[in-house]
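Colleague: Can you keep this structure in mind? I'll have questions shortly.
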Amino acid sequence: PGAVLVLISIVVVAGTIPAMAASFFWLIVITRIFDIVLTDGTTRTSLNAVYQSLPPAERVTAQTGVEGIGVPVAIGLTGAVLWIATSFEWITVVHVVIVTAIVTVGWTVAGALVFRGYGSALRKTLGSSALGATEVNLGDLSTRRVVEGLLDSPRAGDVHTALSVLAESDEEIPLAPYAERLLDHSEPSIRAEAWSVVESERIATLKHRAKDTASEASDPTVRARALRAYCALGETEAIDTAESFAHSTESPIRRAALVGLLRYGGIPGIVRAARHLDEMEASPDPAERKLLAEVIGDVRNKQFYIPLRSLLSDRDIEVRKAAALATGSVRNPVLITELVSALGDSDIRSEAAGSLREYGDAILPVVERLLADPAEAPRATLLTLVRICGELGSDRALTLMRQ
């Protein structure tokens with residue numbers, strides 16, 4: 001609108017000078033061309049970006065209101081104004097251009113206000129649960145700039161949101177530059193998040209730095225994440241280093257070392273980690289058994305499910321909770337029955353229900369069997385299973401609910 005306002009202002013000046021009648025005509029033609037080009041080239045794309053700043057539930061309503069109601073009403077009002085103008089002989093095309101200039105001033109002010117509010121609104125939407133499952137279009141440059149701006153936030157939640165959006169985008173966006181930029185952040189939790197990106201993206205150039213950070217960083221969470229990154233990058237080369245950290249007195253470090261051995265060390269790594277896992281399973285210390293459950297959950301390997309069977313019935317509540325959560329990460333179907341049984345334990349019902357949701361439709365045969373013979377399970381267990389099926393929302397789950 002700023003460009004159109006400049007041209008319209010020149011047209012108004014030309015319209016007041018009789019000697020510029022021909023120029024007046026051609027200036028209007030040029031202004032109209034600029035209006036069409038800029039509307040299609042910038043305004044439409046800008047509006048599409050603006051919708052991204054709204055919570056998903058409001059986007060369709062807003063877009064329908066603007067394009068389905070607002071634009072037709074505006075065109076109708078324009079026709080009404082022009083029709084009224086032709087009813088008065090003293091109104092000339094110059095007066096129409098002056099009115100257009102006034103409207104364009106309002107358009108420019110509105111555009112500036114939308115631009116000012118866009119960044120903060122998108123930041124709020126990205127940083128809240130309003131984002132939901134709707135993907136943000138990072139193909140739009142202005143949207144990507146706002147997401148990238150979150151990386152400079154001092155709040156770990158903002159940075160985590162930005163990294164998640166970048167990682168889950170359909171666009172081919174390399175995360176290495178973003179991760180490297182955050183490794184020197186003042187907030188330890190953000191540095192730890194950056195090392196997680198290094199691990200998942202396998203940024204090979206940071207292998208030696210990861211090893212150094214695992215040994216020298218002051219924050220145990222940062223050291224743990226850096227250690228896992230080093231294991232991912234070094235693979236069998238990192239086995240000796242990882243095993244040395246498996247004897248650490250700090251739980252985050254031990255957890256990272258064992259996960260690194262099991263995930264990235266191949267058969268030699270699994271063999272070396274197995275001894276530690278056996279000792280933890282047999283340990284009388286519940287903290288050791290809880291750590292075992294957490295390690296298995298982090299590894300996310302369906303084959304490492306056997307210890308979880310006994311841990312789900314452990315005498316310690318915290319161990320049972322950790323085991324229930326890990327079962328959702330492992331997602332081995334043979335554990336579904338144990339998880340359903342765990343719903344009868346009020347201390348871990350929430351964790352068990354969350355893990356069952358991770359299995360999706362795989363739980364439906366068990367649910368169907370229990371609902372067919374309700375006497376087989378406590379009423380609280382059946383109610384929880386029905387709620388889980390409702391949350392799944394799949395065709396198979398809905399069919400079972402109808403029955």
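Colleague: Would you calculate, for the chain, the mean residue ellipticity at 222 nm contributed by helices, counting each DSSP H stretch of 4 or more residues as -39,500 (n - 2.57) and dividing by all residues, to the nearest 500?
Modeller: Mean residue ellipticity at 222 nm (helix-derived): -22500 deg cm²/dmol.
Colleague: Top mean-square fluctuation among GLY149, GLY297, GLY76, Gaussian network model of the chain, C-alpha springs under 10 Å?
Modeller: Most flexible of the set in this elastic network: GLY76.
Colleague: What whole number of Å gives the distance from the Cα centroid of the range 317-387 to the Cα centroid of the range 66-101?
Modeller: Spelled out, the Cα-based centre of one part sits 65 Å from the other.
Colleague: Still on this model: What is the gain in length, in nm to one decimal, between TRP90 and TYR51 on full extension, counting 0.36 nm per residue of separation less the C-alpha to C-alpha distance?
Modeller: Length difference between fully extended and current span is 9.7 nm.
Colleague: Okay, moving on. Multiply the residue gap between ALA101 and SER350 by 0.36 nm, knock off their C-alpha separation, and tell me the result in nm, one decimal place. Present the calculation step by step, with values, prior to reporting the outcome.
Modeller: Working: separation 249, 0.36 × 249 = 89.64 nm, distance 6.20 nm.
Contour length minus the Cα-Cα distance gives 83.4 nm.
Colleague: As an exercise, identify the trypsin sites (Lys or Arg not before Pro) in the range 256-361 lying in DSSP coil whose Cβ has no more than 11 other Cβ atoms within 10 Å.
Modeller: ARG315
Colleague: Carbon and sulfur: what percent of the range 210-362's accessible surface (1.4 Å probe)?
Modeller: Carbon with sulfur: 47 percent of the solvent-accessible area.
Colleague: Give me the percent of accessible area attributable to carbon and sulfur for the range 8-67, probe 1.4 angstrom.
Modeller: About 73 percent, which is the carbon plus sulfur part of the accessible surface.
Colleague: Using the Karplus curve 6.51 cos²θ - 1.76 cosθ + 1.60 with θ = phi - 60°, work out ³J(HN,Hα) for each residue of the range 391-403 in order, rounded to whole Hz, and write x for Gly and Pro.
Modeller: Values, residue by residue: 6, 4, x, 6, 4, 5, 5, 5, 4, 5, 5, 4, 4 Hz.
Colleague: Could you report the range 234-387's accessible area per residue, 1.4 Å probe, as an integer in Å²?
Modeller: Details: 7190 Å² over 154 residues.
Ligands and nucleic acids excluded, the result is 47 Å² per residue.
Colleague: Could you name the aspartates and glutamates whose alpha carbon sits less than 20 Å from that of LYS302, not counting residues in the same chain fewer than 8 places away?
Modeller: List returned: ASP278, GLU281, GLU294, GLU338, GLU351, GLU358, ASP361.
Colleague: Also, I was wondering about something else. For the chain, what is the convex hull volume of the alpha-carbon atoms per residue, in Å³?
Modeller: Convex hull of Cα atoms, per residue: 184 Å³.
The values are calculated or read from the model by the stated rules, or taken from the named source; none is laboratory data. Just so it is clear, the structure is predicted and the values come from calculations on it, not from any experiment. Quick reminder, even Gly has a Cβ in these numbers, built from the backbone with ideal geometry, and neighbours come from all protein chains shown. Side chains are part of the model used for accessible areas, which takes the heavy atoms of the whole protein and leaves out ligands, DNA and RNA. Shrake-Rupley method; radii C 1.70, N 1.55, O 1.52, S 1.80 Å.
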